[in-house]
Amino acid sequence: MASFEIHCPTCNKKVTATTLLGGSDLTSALTSDAPIKVIHLTEDQGDHIWTIGIEERKNLANVVAKELVRWS
Ligand SMILES: [Zn+2]
């Protein structure tokens with residue numbers, strides 16, 4: 001799983017979210033049309049899970065390519 005900054009549609013602000021996929025599963029999903037889901041963990045509102053859009057996929061692909069993500 002990879003953590004990166006993204007706009008959370010539920011919080012309507014920039015948050016640190018984590019992909020549900022990790023490692024090679026994530027990179028193969030990024031290079032295909034497979035939907036990519038991310039999760040934003042909150043302390044008091046439960047977890048926010050959504051599928052990221054086209055622009056956000058590009059951003060995530062850049063982040064992964066530059067190895068700026070925090071893998072967990
Ligand atoms: Zn959120």
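The values are calculated or read from the model by the stated rules, or taken from the named source; none is laboratory data. None of the values given here were measured: they were computed from a predicted structure. Every residue, glycine among them, receives a Cβ derived from its backbone with ideal geometry; neighbour counts consider all protein chains shown.
Quick notes
- In region 39-59, of all residues being within 11 Å of the ligand (Cβ to nearest atom) and of a type in the set (Val, Ile, Thr), the one that is farthest from the chain's Cα centre (by Cα) corresponds to 42.
- Residue 36 meets the stated requirement of being more than 16 Å from the ligand (Cβ to nearest atom) and modelled with pLDDT of 95 or more.
- Of all residues making up region 37-70, the number that are assigned to a loop (DSSP other than H, G, I, E, B) and loosely packed, with under 15 Cβ neighbours inside 10 Å: 9
- Among the residues of region 26-36, the ones that are touching a strand residue (DSSP E or B) at 6+ places or on another chain (Cβ under 9 Å) and either outside any loop (DSSP other than H, G, I, E, B) or closer than 14 Å to residue 3 by Cβ (or both) come to 3 in all.
- Among the residues of region 10-25, the ones that are within 15 Å of the ligand (Cβ to nearest atom), surrounded by fewer than 12 Cβ atoms within 10 Å (Cβ to Cβ) and of a type outside the set (D, E, K, R) come to 1 in all.
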